[in-house]
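Following: one structure in structure tokens, then a few remarks.
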Amino acid sequence: MKRFDWYDTIHGLDAEADCLRIVQILGAHEFPWDLEQALGLALYRTYAVPSIGELLGRTREFTDRPQHRYDDTALILSEMVEHGFETGRGRDALRRMNQMHRSYTISNGDYLYVLSTFVVMPVRWLNDLGFGWRRLSDHEIAASTNYYRGLGRHMGIKDIPADYAGFRAYFESYEAEHFAYSEGGRRTSDATLDIMVGFYPRWQRPLIRPFTMGLLDDRLVEAFRYDRPSRFWRAASPGAVRLRARIVRFMPPREKPRWARMNPNIRSYPDGFHPSRIGTFPQGCPVPHDLATVDAPAEGARVPAPGQAADAASGGPASGGPDR
């Protein structure tokens, strides 16, 4: 397989009818690491909107159960990409996400902003910042936009933009109007940075936080009231990621897909998981009848007891356990 074979495959597909397949190729073959980073930063940005940051702070999921919260988010989003929205595990992941969200009062504006970060941040990472081993084409951006428009419809979001330009405009205007400091947002940000640092060997950890801060734009840094990164980190962090991109460009293409469940940083479910059995079950949220749960930090919420996340009908790893 040659380096640009996946690119050619994508451009033989339709950006609307085949948007799921295109997103699968981009996420699992062409840019698995890059899109993990971009989508992680997309979610991280949302903490700077006080209504979102305060809600996350009240649930205490990121501060008290950060590894589970990280894993649940990554796995649910990945299951929908891997399997689609219509049947099986993808449909179950979508239903689980909607159940959790509908247990809280969240405005359509906040929903739409979060959706816009999923559309905009991969393009910013790969194209605008030059962090990808190649740029996304207009065709690929259109396909990704169509995929997330479909996700938004399945979430019941209203007034979804028709194209990437509309999402970008909404993203920029919402941040300009709503970004501000909140205690809950800052606590959630600190907890997220702590778990990211913990993914690396101990000797690297003193460098990871300033390295990460060097990748954050001023608007985000100011919203969390962090000290601005030094000029060194402002240059070194993006420079290192761009150097990685140049190296990756000369590597062979990834023939086998890499999904989130294969990521060694996903650690909460060593015996496997089913998307209907992970995440939190806030008060009033339906719980599978055979799922044993324990109290979670959030008021009235419960989470699966240890060993309960795997599908009882099919067992552990076969139901989606790590495939290293």
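Here are the numbers for this structure:
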{"item": "Unmet requirement for GLY130, which otherwise passes all of (1) surrounded by 15 or more Cβ atoms within 10 Å (Cβ to Cβ); (2) assigned to a loop (DSSP other than H, G, I, E, B); (3) in contact (Cβ under 8 Å) with a residue 60 or more places away in the chain", "result": "(1)"}
{"item": "Selection status of ARG202, over 20 Å from GLY53 (Cβ atoms) and charged (D, E, K, R)", "result": "yes"}
{"item": "Filter result for GLU82 (more than 25 Å from ALA191 (Cα to Cα) and of a type outside the set (Lys, Arg))", "result": "yes"}
{"item": "Extreme residue, nearest to MET196 (Cα to Cα), among residues of the range 253-270 that are among the basic types (Lys, Arg) and part of a loop (DSSP other than H, G, I, E, B)", "result": "ARG267"}
{"item": "Residue match in the range 86-102 (condition: modelled with pLDDT under 95, over 27 Å from ASN263 (Cα atoms) and either in a helix (DSSP H, G or I) or of a type outside the set (Phe, Trp, Tyr) (or both))", "result": "yes"}
{"item": "Unmet requirement for PHE171, which otherwise passes all of (1) under 16 Å from LEU41 (Cβ atoms); (2) touching a Leu at 6+ places or on another chain (Cβ under 9 Å); (3) outside any loop (DSSP other than H, G, I, E, B)", "result": "(2)"}
{"item": "The one condition in (1) part of a helix (DSSP H, G or I); (2) modelled with pLDDT of 95 or more that ARG58 fails to fulfil", "result": "(2)"}
{"item": "Filter result for TYR147 (under 26 Å from ALA17 (Cβ atoms) and assigned to a helix (DSSP H, G or I))", "result": "yes"}
{"item": "Looking only at the range 291-324, and only at residues there that are among the charged types (D, E, K, R) and either at pLDDT 85 or above or surrounded by 13 or more Cβ atoms within 10 Å (Cβ to Cβ) (or both), the one that is nearest to GLY198 (Cα to Cα)", "result": "ARG302"}
{"item": "Sole residue being surrounded by fewer than 21 Cβ atoms within 10 Å (Cβ to Cβ) and under 30 Å from ASP295 (Cβ atoms), chosen from GLU54, GLU61", "result": "GLU54"}
{"item": "Residues of the range 11-39 that turn out to be in contact (Cβ under 8 Å) with a residue 12 or more places away in the chain and either within 9 Å of the chain's Cα centre (by Cα) or in a loop (DSSP other than H, G, I, E, B) (or both), as a count", "result": "11"}
{"item": "Scope the range 1-10; condition touching a residue at least 40 places away in the same chain (Cβ under 8 Å), out of contact with any helix residue (DSSP H, G or I) (no Cβ under 8 Å at 6 or more places or on another chain) and either acidic (Asp, Glu) or surrounded by 19 or more Cβ atoms within 10 Å (Cβ to Cβ) (or both); matching residues", "result": "ASP5"}
{"item": "Test for PHE273: is it modelled with pLDDT of 90 or more, over 19 Å from LEU41 (Cα atoms) and assigned to a helix (DSSP H, G or I)", "result": "no"}
{"item": "Top-ranked residue in the range 174-213 [being in contact (Cβ under 8 Å) with a residue 12 or more places away in the chain and part of a loop (DSSP other than H, G, I, E, B); ranked as surrounded by the most Cβ atoms within 10 Å (Cβ to Cβ)]", "result": "SER182"}
{"item": "Residue that is modelled with the highest pLDDT, among those in the range 190-239 that are under 19 Å from TYR70 (Cβ atoms) and of a type in the set (Gly, Ala, Ser)", "result": "ALA191"}
{"item": "Test: residue in the range 242-255 that is farther than 25 Å from THR59 by Cα, buried (at least 16 other Cβ atoms within 10 Å of the Cβ) and in contact with a Gly (Cβ under 8 Å, 6 or more places away or on another chain)", "result": "yes"}
{"item": "Cβ-Cβ under 7 Å pairs, at least 6 apart or on other chains, the range 92-115 side of a type in the set (Lys, Arg) and surrounded by 18 or more Cβ atoms within 10 Å (Cβ to Cβ), far side part of a helix (DSSP H, G or I) and modelled with pLDDT of 95 or more", "result": "ARG96/ILE76"}
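The values are calculated or read from the model by the stated rules, or taken from the named source; none is laboratory data. Quick caveat: nothing in here was measured; it's all calculated off a predicted structure. Every residue, glycine as well, gets a Cβ built from its backbone with ideal geometry; the counts of neighbours run over all protein chains shown.
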